[in-house]
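See below for the structure under consideration.
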Amino acid sequence: MSTGPMKQMALDIGLAPVPTLANFVPAGNEAALEHLKLWTHNPLRSPVPTFLWGESGSGKTHLLRAVRESLREHGSRVGWINVDTLDPPEFDEHWDAVLLDDCHLYTATQQAAAFNWFVNAQNPAHGPARWVLAAANCPPADLRLREDLRTRLGWGHVFQLHALGETERRGVLRRAADDRGVFLSDEVMDFMLRRFSRDLSSLMLLLDQLDAYALRTQRAITIPLIKSMLEDE
């Protein structure tokens, strides 16, 4: 049974986890996670800007989306810009925080909006300062952005996020499988790491899906079982 590109794409989308701070696997990034948990619970507490940077797959967007959802759950309103925000709105004085993802990819229009939001968020004339949380693939000093925005992004707390290597991802997956009483052969592990998202949170959700499907069908987790689950999606 083969899995074509469309079916593969459907699985990747279907298994995309809802980003939360709880389902972020911190391994190596504990300090950044604890910092975000602290500020998310009270974004108006002397809000020094925070900047996250790291390579693709290190969890930057996961964390920003998780913070956005957590703030919304607490009744806060947030401004959000990422690479898809082609026409950012004006700064809203009712926002409690400003989140800026993918800063390294911003167009001139997005840079202008991000700078305006940053200045207004930190402007005492608009009431208590708002928290600014931003992320990019490199440290602020290396961003190819307009200088006034680039320097402001590096004002406060700066955390480098580290992506897990394949050996580490295997170890986390193996421990998670053992905790569930699930056996993952090296062949299955290779298939999971090769065919699906390398993001650890997505892989953990995939493991949950496979475990549930294996129990429902009374089969061991094998490559044919994974393909069978794909066909049933």
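The values are calculated or read from the model by the stated rules, or taken from the named source; none is laboratory data. In this text, all values refer to a predicted model and were calculated from it rather than measured experimentally. Quick reminder, even Gly has a Cβ in these numbers, built from the backbone with ideal geometry, and neighbours come from all protein chains shown.
Some observations on this one:
- Residue in the range 189-198 that is closer than 17 Å to residue 56 by Cβ, in contact (Cβ under 8 Å) with a residue 24 or more places away in the chain and part of a helix (DSSP H, G or I) present: yes
- Residues within the range 57-75 that are assigned to a loop (DSSP other than H, G, I, E, B) and either touching a His at 6+ places or on another chain (Cβ under 6 Å) or crowded, with 20+ Cβ neighbours inside 10 Å (or both), tallied: 2
- Looking only at residues of the range 83-95 that are touching a strand residue (DSSP E or B) at 6+ places or on another chain (Cβ under 8 Å) and either at pLDDT 95 or above or surrounded by fewer than 20 Cβ atoms within 10 Å (Cβ to Cβ) (or both), we find that the one that is nearest to residue 54 (Cα to Cα) is 88.
- Unique residue being touching a Leu at 6+ places or on another chain (Cβ under 6 Å) and either surrounded by 13 or more Cβ atoms within 10 Å (Cβ to Cβ) or of a type in the set (Asp, Glu) (or both) when the list is 143, 230: 230
- Some residue of the range 175-185 being modelled with pLDDT of 90 or more, touching a strand residue (DSSP E or B) at 6+ places or on another chain (Cβ under 6 Å) and crowded, with 17+ Cβ neighbours inside 10 Å: no
- Condition met for residue 220 (surrounded by fewer than 17 Cβ atoms within 10 Å (Cβ to Cβ) and at pLDDT 90 or above): yes
- Any hit, the range 161-169, residues being over 20 Å from the mean Cα position of the chain (by Cα), closer than 21 Å to residue 65 by Cβ and either at pLDDT 95 or above or surrounded by fewer than 19 Cβ atoms within 10 Å (Cβ to Cβ) (or both): no
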